[in-house]
Each structure stands twice: as structure tokens, then as C-alpha cells.
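Visitor: If you scroll down you'll find the structure; I have some questions about it.
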Amino acid sequence: MTAVLAPGSTQPHHKQALGVRFSGLGRSFGSSTDRRVVLRDVTVDVKPGEILAILGTSGCGKSTLLRAAAGLDVPDSGEVLIDGTPVRGIDERCAVAFQEPRLLPWHTLQANVAIGLPKSSSASAGKAKVLELLKLVGLDAFAKHRPREVSGGMAQRTSLARALARNPGVLLLDEPFGALDALTRIKMQDLLLDIHRAQPTTVLLVTHDVDEALQLADRILVLGRRDDDDPGSTVAELVPVPGTRPRSRNAADLGMLRSSLLSRLGVTGH
Amino acid sequence: MSADHLTGRSAVPSSTQGLAATGSPVTGDGDTRERGPVGGRAGKRASVLLLGLIVPTLILLAWHLSTASGFFRPSQLPSPVSVFAAAVDLIERGQLATHVLISTQRVLLGFLIGSLLGVVAGALLGLSRIADILLTPTVSALRAVPSLAWVPLLVLWIGINEDSKVTLITIGAFFPVFTTLYLGLRHVDRNLVEAARAFGLNGVRLLTTVQLPAVVPALFSGLRLALAQSWLFLVAAELIASSMGLGFLLIDSQQNGRVDRIILAIILLAVIGKTTDALLGIAERWAVRRWA
């Protein structure tokens, strides 16, 4: 799976990694009489090439934050800046992989990955790019298969390849490994790190898995209420993860951080 | 005649038995081994088809016995043989082909026009919010009108001719296609649409890449319903006013007391209706394999 990732190989140039800035972001849902504030005043700077994990309890607005960066959702207040320019509508510089693969069932894996290609890419270059990405995620032998003919992990790898086809300056991952079994999840995490090492794009990774965040991220953003009577989630904590990747899953300092993050998320005694 | 028949029958099995005794079991065995699951599947399909013929055969037998035994008088229920004779009689007069062809033509025309309009309207209302808000109350009110209620108006406006019949069938074919496509487009997996939008697809590209392929299976079930409706409306149209067609054959035979022809017309409607539905069913299976 990783052999094709030799740096400096013939891969086409990716757009350079882009910085992301959430500035005073707020978002609430519901009617005017029954408003529920989900996010308020979220301000974070993500450095180009950084992997930022976004942690939080269920329903705290992790996905909403990601969707704002993708341009799939419009915040009520504040804005998202990518490389200094604000996001207005679907943004070409981003690519998203969702929790579910969301592949078109009537297309082959190859055609599904091709959906991710930027509009400007030529047919022949696009095809070569798609085949290269399928090889990257270890699915070149399944290029002509339909999504229902492959496993959930393979479908999710296809979804990742589709996002990479976009040459994204920012890769947005919305719990991409959440629905996979434990072994497949570890393999996918390693794959993501391999990809990031070869093509260091900025990654925003929404997850509810503290260990996943500790394994993958440069920094961890914990979304949550600062007080119990706070109206919505904001930046509860923003902590750097010590050590260089790949990190041992048993390191002591990670254990300390894990306990503190878990208690921050309301789980104590671990 | 019967003696010839008997000797003929006895001669054929003896020759096949001879074949079977020499080479046939070996080749048969090799055949199944070679074909494997494909042959098995084809064999299964054939046996399903045969099993489906059991009940019609029993009905035919019961029909024959009840008429031959005198349980029904011929004026109540003519025998299968006399219905067959009525068919031969009509064929010799050159009328049966006319009835069948004109009815089929009306159904196909009405079905084609109706489903085309249904596709256009279903796509428009299923995709455009404004069209949906403006037109859906009207269209669903029109759908609530029992279709035969249109007949007096059609006769007055268009007259008793081909156009009014085809128009009635068009109305019948329109609604199933419209409804299934409209609902199908409203219920295209939001996640898929969102993912496609996230990758920059919108407008016509979103429509042709995601929304239309997603509703192909629904569209085909709508088309099959529409075809069944078309035959229904055909008979309604022809019963009311016509000089040709299977519906005319029904009403004309009722007035002449020709029960044999009435049963013939019913059998023909069943057979032709089932055949056209089966053809569309083949297209549907292909489409579902391709798109679902």
C-alpha cells in the first residue's frame, strides 16, 4: 500500500498546503422561537500542513465546523478563511471525506474517484491520476468494481482517494474511520499518515476517538462548553500532541494526555 | 385420425429412447458439469416458468371439464374449443388482427406520450422548488379526479375518434410515471447529493451524474404501472365509443350475446398485457442492474 509513496516520484504537483483560520465562527439551528446554539465564537488558526484533530462529544458541532470550512454550511456569524481568503460556497481548495463512503452505486470505483478531479484537469491526466490514487490506497485491482462489490473499508479508501483526487490544499475528514472495524481503522490511520508524509496537505480530522487523535494529530482541538450553562460549544482546549509520528500507542506522556482529554470529554477513571 | 396420432406418438419416444440408451446420458452429464452454475440458474428459471404454468393449465382443465360435462350451458360459458373456434373465425374474417393492432397502437401511443409528459412534469416538480410549490396542489387535485370523469369532456372537445381515446390513455399513463419520478427525485439520498456538491457538481452535471441515475429504478416501476393503466384506460375508452379494438369486440359481443368472443377478448387482453409488461420488465431488470 505504501510502496508507491516514494517522495519525489512522478506524482503531479499538489497545490501547497493551505492555512485555515476560523474567525469568531457561530452557528445555531432551529426556528427563531426555538434556537439552539451549536457553535459560538470559535477562533482557531490551523497552520499549513498541520494535522488538526477536532474532538468533542456527540452533537457538539464538530461536523458543523468542518462543513463550514467545506462551504457546505454557512455560519451565522464569523467566517472561515483559507489561505487568507474567506470561504464562500463550495470551495475548490477543500476536499471532504465523510463518515460514510457516499459513493455512487452505479459507478465503478474508478469513476467514483474521478468525481473528485478538479474541473480543470484534462481527461488523460485525470485518468492517470485516478489510477495512481487507486494504487495509493491499494485498490488498483478493484478499479472496475462497483461499490457494493467491495468491503466497507475498501469503499472508505475509495472515498479517501476521491478526496485526494482534488489536490486539496485542505483535506477535511469527517469521522472517516468511525464506521470501520478496529483493524481496518488502524490500517487506514497508517495510510493517512503515509499520504500526509508524501503530500503534506493541511488536514482537519473530526473524530470522537481520543486515541485516533493522539496517533494522528499535531494538535488536538477539543470543542465543548466552557461552563455547563454556556449556550454552545467553543474552543474548550487546544493542545499540542507531544512526539513525532509514528507514535507508539503506549507512550507514557500520551497516556497522561489521553486521561486529561477523556476527563475533559466527561469520561473519568481511565 | 386418432390412430395416426397414436402411432405417431409411439414412434417418437421409441427413437429417443434409442438415443438415450446409447449416447445421451454421457453428453447430458458432461453438459451439466461444463455449464456449472449458469446452467443451473437457467434451469431454475425454466422450472419457475413451468411451475407458473400449473395454475393456468388447471384452470383450462376445469374450464374444459365444466363445459364438457354440461355444468355450464354454452350460452353461459362456452367451451375452450368454441372460444378457439371463435378466434379462428375472426382471423379468417380478417377482423381479429385489426382489433388487436388498433388496440395495441392506441395503448403504445398513449403510453409513450403520457410517460414522456410524466417524465417532464415529474422532473420539473421533483427538482424545482418553485415549480413544486406552484404546481403540486393542482397536479394532485387533477390526479384525484377519477379518470373516467374526463370521458364526457374529451368526447365533446375532441370528438369520438382516435385522438380522444389516445388522450384518455395518455392521462392514464401520465400519473404513475409522474408520481414515481417526482417522489423518487424528492427522495434521492441527500448524503450522495451533498457529497457530489462538495466535489463541485451542480446544476445539469449534478442532475445527470447523481439525481437521474438514482431514480432510474423508480422510473421503471412507474413505467410498468403506467403500461398497466394504459390497457385499463384503453378498454374504458373503447367500451364507451369505438368501432374497432378489443374493447369494441367486448361491447359488440355483449350486444350480440357472443360469450365466446367476450372470453376471447379477455384472454387476448391478458396475454398481450402480460407480454408487454414482461418486455418492460426485462428492460427494468437491465436498468436496475445497471443503475441500482
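Just so it is clear, none of the values below were taken in a lab; they were calculated from the coordinates. As the structure is a computational prediction, the values presented were derived from the model and not from experiment. Ideal geometry is used to build each Cβ from the backbone, glycine not excepted, and the neighbour counts take in all protein chains shown.
Visitor: What ³J(HN,Hα) values, in whole Hz, does the Karplus curve 6.51 cos²θ - 1.76 cosθ + 1.60 give for segment B:93-110 when θ = phi - 60°, with x put for Gly and Pro?
Guide: Working through the residues one at a time gives 6, x, 8, 4, 4, 4, 4, 5, 5, 5, 5, 4, 4, 4, 4, 5, 4, x Hz.
Visitor: While we're on this one: Add -39500 (n - 2.57) for each DSSP H run of 4 or more in chain B, then divide by its residues: what number comes out at 222 nm, to the nearest 500 deg cm²/dmol?
Guide: -28500 deg cm²/dmol
Visitor: Could you identify which residue out of A:37, A:130, A:20 has the top mean-square fluctuation in a GNM of chain A using Cα springs shorter than 10 Å?
Guide: A:37
Visitor: Roughly what % antiparallel, to the nearest 5, for the DSSP beta bridges in the protein assembly as shown?
Guide: Just about 55 percent of them are antiparallel.
Visitor: Let me ask something else. Sort segment B:115-182 into rounded, prolate or oblate with this rule: let a ≥ b ≥ c be the square roots of the eigenvalues of the Cα gyration tensor; rounded if a/c is under 1.5, and if a/c is not under 1.5, prolate when a/b is larger than b/c, oblate otherwise. Write down the numbers at each step before the final one.
Guide: Numbers: a/c = 2.68, a/b = 2.00, b/c = 1.34.
Prolate shape, in that a/c is at least 1.5 and a/b is the bigger ratio.
Visitor: Could you tally the net charge around residue B:278, taking each other residue with its Cβ under 12 Å from the Cβ of residue B:278, Lys/Arg +1 and Asp/Glu -1?
Guide: Net charge in that neighbourhood comes out at +1.
Visitor: At what distance in angstrom do the alpha carbon centres of segment A:113-179 and segment A:38-54 lie from each other?
Guide: 25 Å
Visitor: Using the beta-carbon distance between residue B:162 and residue A:149 and R0 = 51 Å, what value does 1/(1 + (r/R0)^6) give for FRET efficiency, to the nearest 0.05?
Guide: Values: r = 50 Å, r/R0 = 0.97.
My answer for the efficiency is 0.55.
Visitor: Tell me, what is the FRET efficiency for residue B:58 and residue B:256 to the nearest 0.05, using R0 = 22 angstrom and their Cβ-Cβ distance as r?
Guide: Taking R0 as 22 Å, the efficiency between residue B:58 and residue B:256 is 0.10.
Visitor: Roughly how many whole Å is it from the C-alpha centroid of segment B:241-292 to that of segment B:74-142?
Guide: The two parts, judged by their Cα centres, are 9 Å apart.
Visitor: Tell me the angle of helix B:2-22 to the major Cα principal axis of chain B, expressed in degrees between 0 and 90 and rounded to the nearest ten.
Guide: The angle comes out near 80 degrees.
Visitor: Further question: With a/c under 1.5 counting as rounded, go ahead and sort chain B into rounded, prolate or oblate using the C-alpha gyration tensor (a ≥ b ≥ c being the square roots of the eigenvalues; past the cut-off, prolate if a/b is larger than b/c, else oblate).
Guide: oblate
Visitor: Please average, across the residues of B:188-198, the number of beta carbons from any other chain that are within 10 Å of each residue's own beta carbon, and give a whole number.
Guide: Per residue, the number of nearby Cβ atoms from other chains is 6 on average.
Visitor: A follow-up question, please. To the nearest 0.05, how large is the calculated FRET efficiency for residue B:65 and residue B:135 if R₀ is 51 Å and r is the Cβ-Cβ distance?
Guide: With R0 = 51 Å, the Cβ-Cβ based efficiency is 0.35.
Visitor: On to the next question. Which whole-Hz ³J(HN,Hα) couplings does segment B:119-136 yield from phi under the Karplus relation 6.51 cos²θ - 1.76 cosθ + 1.60, θ = phi - 60°, glycine and proline marked x?
Guide: 5, 4, 5, x, 5, 4, 6, x, 9, 9, 5, 5, 4, 4, 5, 6, 9, 4
Visitor: Of B:150, A:99, B:255, which is farthest on the positive side of the dipole of the protein assembly as shown, counting Cα position, with +1 on Lys and Arg Cβ, -1 on Asp and Glu Cβ, and the Cα centre as origin?
Guide: Toward the positive end, the furthest listed residue is A:99.
Visitor: Here's something else I'd like to know. When DSSP beta bridges are limited to those with both residues in chain A, what percentage is antiparallel, rounded to the nearest 5?
Guide: Numbers: 20 of 38 bridges.
Rounded to the nearest five, the antiparallel share is 55 percent.
Visitor: Further question on the same structure: When the helix-only estimate is applied to chain A (DSSP H runs of n ≥ 4, each -39,500 (n - 2.57), divided by the residue count), what is the mean residue ellipticity at 222 nm, nearest 500 deg cm²/dmol?
Guide: -9000 deg cm²/dmol
Visitor: With a ≥ b ≥ c taken as the square roots of the eigenvalues of the C-alpha gyration tensor of segment A:103-203, please select rounded if a/c is under 1.5 and otherwise prolate if a/b is larger than b/c or oblate if it is not?
Guide: Values: a/c = 1.75, a/b = 1.12, b/c = 1.56.
In terms of gyration-tensor shape, oblate.
Visitor: I would also like to ask the following. For residue A:236, what residues show an amide H to amide H distance below 5 Å, using hydrogens built from the backbone and excluding near sequence neighbours?
Guide: It is A:222, A:223, A:224, by chain and number.
Visitor: Just tell me how shielded A:101-112 is by partners: mean number of partner chain Cβ atoms within 10 Å of each residue's Cβ, no decimals. Don't skip to the end; give the middle numbers.
Guide: Working: counts 2, 8, 2, 9, 6, 11, 4, 0, 0, 0, 1, 1.
Average neighbour count from other chains, rounded to a whole number: 4.
Visitor: Select from A:84, A:259, A:142 the residue farthest towards the positive end of the dipole of the protein assembly as shown; place +1 on Cβ of Lys and Arg, -1 on Cβ of Asp and Glu, and compute about the Cα centre.
Guide: A:142
Visitor: What's the whole-number percent of alpha carbon pairs in the protein assembly as shown lying beyond 42 angstrom?
Guide: Result for the distance tail: 47 percent.
Visitor: Rounded to whole Å and sorted largest first, list the principal axis extents of the Cα atoms in chain A.
Guide: That gives 55, 45, 34 Å along the principal axes, largest extent first.
Visitor: Report the full-extension gain for the segment residue A:262 to residue A:190: residue separation times 0.36 nm, less the Cα-Cα distance, to one decimal in nm.
Guide: Working: separation 72, 0.36 × 72 = 25.92 nm, distance 2.30 nm.
The span from residue A:262 to residue A:190 would gain 23.6 nm if fully extended.
Visitor: Which of the pairs A:119/A:144; A:129/A:187; A:144/B:274; A:135/A:187; A:62/A:119; A:144/B:44 have their Cα atoms more than 26 Å apart in this structure?
Guide: Beyond 26 Å between Cα atoms: A:144/B:274; A:62/A:119; A:144/B:44.
Visitor: Still on this structure: Based on Cβ point charges of +1 for Lys and Arg and -1 for Asp and Glu, what charge dipole magnitude is obtained for chain B about its Cα centre, in debye rounded to the nearest 20?
Guide: Numbers: 23 positive and 16 negative charges, 160 e Å.
In total the dipole reaches around 760 debye.
Visitor: While we're on this one: Just add up the charged neighbours of residue B:85: K/R +1, D/E -1, any other residue whose Cβ is under 15 Å from the Cβ of residue B:85.
Guide: Working: positive: B:93, B:258, B:261; negative: B:89, B:92, B:260.
Taking every other residue near residue B:85 into account, the sum is 0.
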